[in-house]
1. Only residues that are surrounded by 13 or more Cβ atoms within 10 Å (Cβ to Cβ), β-branched (Val, Ile, Thr) and without any contact (Cβ under 8 Å) to a residue 60 or more places away in the chain: list them for region 27-59, please.
2. Give the residues of region 240-266 that are under 14 Å from residue 119 (Cβ atoms) and of a type in the set (Lys, Arg), sorted by residue number.
3. If we keep just the residues of region 60-79 that are under 22 Å from the mean Cα position of the chain (by Cα) and open to solvent by 50 Å² or more (accessible area, probe 1.4 Å), which is modelled with the lowest pLDDT?
4. What number of residues in region 135-150 are surrounded by fewer than 20 Cβ atoms within 10 Å (Cβ to Cβ) and free of Cβ contacts under 8 Å to residues at least 40 places away in the same chain?
5. So residue 11 passes all but one of these: (1) among the small types (Gly, Ala, Ser); (2) at pLDDT 95 or above; (3) closer than 17 Å to residue 174 by Cβ; (4) touching an Asp or Glu at 6+ places or on another chain (Cβ under 8 Å). Which condition number does it fail?
6. Just the residues that are among the acidic types (Asp, Glu) and within 18 Å of residue 113 (Cβ to Cβ), please, taken from region 35-58.
Amino acid sequence: MENVHIPIILSSDNNQINAMAVVMTSAIETAGEGTYYDFYCFLSDNVTPENRDRLKACENIAKGTCSVTLVDMAVHFKDMGIRYNGKVGMVHSVTTPALYRLKAPSVLSQLDKVLYLDTDTMVRKDLRDLFATPMDGCYIAGVPVVWAQAKKHDRNRWLRQSGIPGMDEYVNSGVLLMNLKAMREDDIESKCLALVGKKEFAPLDPADQLILNYVCYGKIGFVPCRYNVTMSNMKEADKVKVFYSAKEAREAFDDPAIIHWTGAGKPWKYYDVLLAHEWWRRYVQSPFKDVALNRVAKPGALGRWGGRFRKALRF
């Protein structure tokens, strides 16, 4: 099989740095023959030297199959804060590292195309086919957020309050193919950064996700749903068929290529959320394996997720 290099962006501060290592470890351990990952870790300035060393040590998990480049993002964002009018009220927490991907076109000026992964994801399959997704005419490509099309009330509220032209191609930004070449040509980076802190967005969605969908509207592509099986889409499993066939959705929920723990149920906090046992297996293979985690049971997690998983498979 032909060798392929896949550049992957991850971003974090020191709080979720161990989860970043698990994403890399999971990708390395599930890579097919000839797949080589080039990881670009976008880091805030509070990431400790010890943890930076641990990230670099991911190169030793399977030598010769990946590279890890640490990118200091503090220089780009140290004077940028997200300040909203207190009367607006936020329903989502937003951290500065969530905005780092907006700088990818200029920070990684040597690359034309990259894959971005959130730190609350885990890779379960080789990503060669995902990265090969054609990007002609698109700035970004991802898996659609199902409520954006299937829930009329939510869709109309987003349209009215944010001013986004439409929700028909609204994608989750946690797994994102980015056409950096096209984004540079049309100055998408500057257009995105100009919207950081826009108060109309605050009550709606995490800043980076809404900004990217707003700016890139009309040039957003879809990737197979197996590459971003989210907890939120699982809650709306019957509506996934708006975008994908029943067969595609059933196969995605049955055997995700990338699982994404959206919401509060993170596997580094709770040992009984969906597929947390797989996350733990990757954790003990990572350079953070000696860092103890105080994971606890999530009240009602097994029953609730079990029901949603069964619902997801009824196609």
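The values are calculated or read from the model by the stated rules, or taken from the named source; none is laboratory data. Quantities reported herein were computed from a predicted structural model and do not represent experimental measurements. Using ideal geometry, Cβ is built from the backbone for each residue, glycine included, and neighbour counts are taken over all protein chains shown. Side chains included, ligands, DNA and RNA excluded: accessible areas come from the protein's heavy atoms. Shrake-Rupley method; radii C 1.70, N 1.55, O 1.52, S 1.80 Å.
1. 28, 47
2. 266
3. 76
4. Within region 135-150, residues that are surrounded by fewer than 20 Cβ atoms within 10 Å (Cβ to Cβ) and free of Cβ contacts under 8 Å to residues at least 40 places away in the same chain number 1.
5. Here residue 11 meets the rest and fails (4).
6. So the first thing to find is which residues in region 35-58 are among the acidic types (Asp, Glu), and the list is 38, 45, 50, 53.
38, the sole residue that qualifies.
Listed here are the residues, each with its yes/no results for (1) surrounded by fewer than 22 Cβ atoms within 10 Å (Cβ to Cβ); (2) part of a helix (DSSP H, G or I); (3) touching a Leu at 6+ places or on another chain (Cβ under 8 Å).
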{"residue": "183", "(1), (2), (3)": "no, yes, no"}
{"residue": "191", "(1), (2), (3)": "yes, yes, no"}
{"residue": "211", "(1), (2), (3)": "no, yes, yes"}
{"residue": "244", "(1), (2), (3)": "yes, no, no"}
{"residue": "247", "(1), (2), (3)": "yes, yes, no"}
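Every residue, every condition in (1) polar (S, T, N, Q); (2) within 22 Å of residue 178 (Cα to Cα); (3) touching a Leu at 6+ places or on another chain (Cβ under 9 Å), yes or no:
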residue: 5; (1), (2), (3): no, yes, no
residue: 8; (1), (2), (3): no, yes, yes
residue: 37; (1), (2), (3): no, yes, yes
residue: 45; (1), (2), (3): no, no, no
residue: 52; (1), (2), (3): no, no, yes
